[in-house]
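Here the structure is laid out as structure tokens; the discussion comes afterwards.
The values are calculated or read from the model by the stated rules, or taken from the named source; none is laboratory data. On a predicted model such as this, the values are computed, not experimentally measured, just so you know. Cβ placement follows ideal geometry from the backbone for every residue including glycine, while neighbour counts extend to all protein chains displayed. We work out accessible area using only protein heavy atoms, side chains counted, and drop any ligands, DNA or RNA first. Shrake-Rupley method; radii C 1.70, N 1.55, O 1.52, S 1.80 Å.
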Amino acid sequence: MSFSIRPATSADLDAITAIYRENVQNGTATYELDAPDRTEMERRFSTITGKGYPYLAAEGADGALIGYAYASAFRDRPAYSWLVEDSIYLAPEARGQGLGKALLADLLSRTEALGFRQMVAVIGGAHPASVAVHRACGFDLIGTMPGTGFKFGRWLDTVIMQKALGAGTETPADLTRYPGTLANGIAGR
């Protein structure tokens, strides 16, 4: 499968909304039960990109959007500022073709360049393909939370995986670089 990856734009939101809707309705990667509409997806997109996090779109050879990925805050507490969570969603026809791994690799590169030190994957449904993609990109299994989601009439496990970015925890965070805009709240703590 031929594809290209680029930064997502608001012009991609119809396709992003459709891909996410299919994942909500048919998959366990997200624990949402009702697919959000385009207005809500635009609000989420604006929040993520407005804070400077990377949001990527993947196009097939015909120019159609076949997947997307983004990094976002794991938690909103200041000490978590150097940790991001990844999210990757693919159209059904794009699965199993290497696109998820390519999106994740690009996301890892971009978040590391921004100064983030850790990425976490919260894998709904403990989906084996998603676990394999993260493992192939150097993530370590941190743990499994059994029975944390209930969807499609069954209990689902959630897998947590993590990867150090850049120097990881080997050196202190650089409070002068993005995302280190919280120097007043973090320095000395």
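Taking the condition open to solvent by less than 50 Å² (accessible area, probe 1.4 Å), farther than 25 Å from Met119 by Cβ and not in a loop (DSSP other than H, G, I, E, B), does Ala11 pass?
no
Consider Asn184 against the criteria (1) within 21 Å of Ala73 (Cα to Cα); (2) modelled with pLDDT under 95; (3) open to solvent by 70 Å² or more (accessible area, probe 1.4 Å); (4) not in a helix (DSSP H, G or I): it satisfies all of them except one. Which criterion is unmet?
All conditions pass for Asn184, except number (4).
Does Lys151 satisfy the criteria of being modelled with pLDDT of 95 or more, within 15 Å of the chain's Cα centre (by Cα) and surrounded by fewer than 17 Cβ atoms within 10 Å (Cβ to Cβ)?
no
How many residues are within 12 Å of the chain's Cα centre (by Cα), open to solvent by 40 Å² or more (accessible area, probe 1.4 Å) and over 17 Å from Ile5 (Cβ atoms) if we restrict to the stretch 101-137?
Total meeting the criteria: 1.
Here are Phe139, Phe150: which of them is over 24 Å from Gly67 (Cβ atoms) and of a type in the set (Phe, Trp, Tyr)?
Details: Phe139 fails: over 24 Å from Gly67 (Cβ atoms).
Selected residue: Phe150, the only one of Phe139, Phe150 that is over 24 Å from Gly67 (Cβ atoms) and of a type in the set (Phe, Trp, Tyr).
Would you tally the residues in the stretch 27-44 being out of contact with any helix residue (DSSP H, G or I) (no Cβ under 6 Å at 6 or more places or on another chain) and closer than 24 Å to Val133 by Cα?
Residues flagged as out of contact with any helix residue (DSSP H, G or I) (no Cβ under 6 Å at 6 or more places or on another chain) and closer than 24 Å to Val133 by Cα within the stretch 27-44 amount to 3.
Would you mind stating whether Arg38 is loosely packed, with under 12 Cβ neighbours inside 10 Å and in contact with a Leu (Cβ under 9 Å, 6 or more places away or on another chain)?
No, not satisfied.
For the stretch 80-97, give me each residue that is out of contact with any Asp or Glu (no Cβ under 9 Å at 6 or more places or on another chain), buried (at least 17 other Cβ atoms within 10 Å of the Cβ) and among the hydroxyl-bearing types (Ser, Thr, Tyr).
Within the stretch 80-97, Ser81, Ser87 qualify.
Per-residue answers, yes or no, for (1) out of contact with any strand residue (DSSP E or B) (no Cβ under 7 Å at 6 or more places or on another chain); (2) crowded, with 18+ Cβ neighbours inside 10 Å; (3) at pLDDT below 95:
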{"residue": "Leu99", "(1), (2), (3)": "no, yes, no"}
{"residue": "Gly143", "(1), (2), (3)": "no, no, no"}
{"residue": "Thr158", "(1), (2), (3)": "no, yes, no"}
{"residue": "Met161", "(1), (2), (3)": "no, yes, no"}
{"residue": "Ala173", "(1), (2), (3)": "yes, yes, yes"}
{"residue": "Pro179", "(1), (2), (3)": "yes, yes, yes"}
